[in-house]
Amino acid sequence: RGAFGSHKRAGAVGRDMDMTRRPRRLRRDGVRGLVSETTLNASDLIAPVFVDATTEARVPIESMPGHERVPVSEAVARVEEVLATGVEAVIVFGVPESKDERGSRAWAEDGVVQEAVRRITAETDAYVITDVCLCEYTEHGHCGVLASDARENWEERRSDPGVAGGARTGGGLTVKNDETLDLLARTAVSHVEAGADMVAPSSMADGQVGALRAALDEAGHENVPVMAYAVKYESAFYGPFRDAADGAPAFGDRRHYQMDPANGREAMRMAERDAAEGADVLMVKPALPYLDVVADVRREFDHPVAAYNVSGEYAMLKAAGEKGWLDATESAYESVLSIKRAGADLIITYFAEDIARSLP
Ligand code: PBG
């Protein structure tokens, strides 16, 4: 049992342990990079951009430090900032000048997203994705057409102590599925006619991918891909976004159309359904609390997998960073790296610019 060439540990503790395996050998500088399994690239990242028709100047988003809503006149400048970091793709969200019952500003030719996208695609080389939903455009803040008695039903159930879950129960509130599909399809077509390179339906209406695909094909846009928010959970982590895009439901919640966080196997059915309807990219959202689902979708499907590292995932690291409780930059990098390691090819993240700037 000499000091050299022995596989046995010589110290008092574990004297007879076999120490053939010493993974520390590969953790040293020099070899560490050679054996690294996962690499983040700026080309994996998509930066969200908020365009706001109600403002003439940039407005900081309080719950998302470092992010702003910009007027249409600043949309190109905002995207140029993203491109300067090395990130090549953006996803555009809009805050309209007015809202109505059906969300008609969502598909208006002169709507906020349409105007912004027209300018961005004319003046920059960014790859432009648009979020296709109605919640920012409807007065009630729901992601589709509401049944005429939805509010009444919700109020009735909320005040009924006999209803389990009370106001949290979606049963008394209805967003009409099939009536919503046509509005989403019109919205997507209008985005593409303004220049969008890819559309991403996020309303969680059943059939939304098929409806968009059919409408795009009909309008001659068969080469525009659809990134499906296939697996979108009803998540508390969207809180800061709802401030950012002014899309919080005025009453009720999204439980009867977004997925139950308890369900993992259901995610496979959602991904399968959207794949069958022609989705080109399958998204899981949020990302960090659902890395198991990202990994499962990766394993079960050959499609590119996207993950949305959402507003709450951003806000919590930023807030802890501001308090000095952790290093926001390092924890952001580790978080986004873990999303990639779990199997995501495309990552939508509010950290996109920060991360891209820090890459070698
Ligand atoms: C629109 C939409 C939402 C998000 C993306 N698209 C809000 C929601 O579903 O409530 C959330 C993004 C984020 O939290 O960063 N439906």
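Against the numbered list (1) away from the ligand (no atom under 12 Å from the Cβ); (2) outside any helix (DSSP H, G or I); (3) not polar (S, T, N, Q), Pro249 comes up short only at (1). Here Ala306 does not qualify as farther than 28 Å from Ala276 by Cβ, under 19 Å from the mean Cα position of the chain (by Cα) and modelled with pLDDT of 95 or more. Taking first residues from segment 39-62 that are closer than 15 Å to Val113 by Cα and partners that are assigned to a loop (DSSP other than H, G, I, E, B) and away from the ligand (no atom under 16 Å from the Cβ), the Cβ contacts under 7 Å between residues at least 6 apart in sequence or on separate chains come to Asp52/Pro71; Ala53/Glu97; Thr54/Glu97; Thr55/Pro71.
On the basis of being free of Cβ contacts under 8 Å to residues at least 60 places away in the same chain and either more than 16 Å from the chain's Cα centre (by Cα) or more than 16 Å from the ligand (Cβ to nearest atom) (or both), does Ala342 make the cut? So Ala342 passes the test. Of everything listed in (1) within 28 Å of Arg265 (Cβ to Cβ); (2) in contact with an Asp or Glu (Cβ under 7 Å, 6 or more places away or on another chain), the single unmet condition for Ala332 is (1). Tyr314 falls short of the stated requirement of being touching a His at 6+ places or on another chain (Cβ under 7 Å) and either more than 14 Å from Tyr290 (Cβ to Cβ) or touching a residue at least 60 places away in the same chain (Cβ under 8 Å) (or both). For the list (1) away from the ligand (no atom under 16 Å from the Cβ); (2) closer than 22 Å to Arg102 by Cα; (3) part of a loop (DSSP other than H, G, I, E, B), I need the number of the one condition that Gly210 fails. If we test Gly210 against (1) away from the ligand (no atom under 16 Å from the Cβ); (2) closer than 22 Å to Arg102 by Cα; (3) part of a loop (DSSP other than H, G, I, E, B), just (3) comes out false. In segment 267-281, the qualifying residues are those that are surrounded by fewer than 22 Cβ atoms within 10 Å (Cβ to Cβ) and not in a helix (DSSP H, G or I), and the one that is nearest to the chain's Cα centre (by Cα) is Val281. Being at negative phi, touching a strand residue (DSSP E or B) at 6+ places or on another chain (Cβ under 9 Å) and in contact (Cβ under 8 Å) with a residue 12 or more places away in the chain is the requirement here; does Met227 meet it? Against the criterion (at negative phi, touching a strand residue (DSSP E or B) at 6+ places or on another chain (Cβ under 9 Å) and in contact (Cβ under 8 Å) with a residue 12 or more places away in the chain), Met227 qualifies. For segment 256-283, the set of residues classified as out of contact with any Leu (no Cβ under 9 Å at 6 or more places or on another chain) and within 13 Å of the ligand (Cβ to nearest atom) consists of Tyr257, Gln258, Met259, listed by residue number.
Restricting attention to segment 284-311, the residues being within 15 Å of the ligand (Cβ to nearest atom) and aliphatic (A, V, I, L, M) number 6.
Looking at Ala320, is it of a type in the set (Gly, Ala, Ser), farther than 30 Å from Met270 by Cα and assigned to a helix (DSSP H, G or I)? Yes: the conditions hold for Ala320.
The values are calculated or read from the model by the stated rules, or taken from the named source; none is laboratory data. These numbers come from a predicted model, not from an experiment. Reconstructed Cβ throughout: ideal geometry from the backbone, glycine too, with neighbour counts over all protein chains shown.
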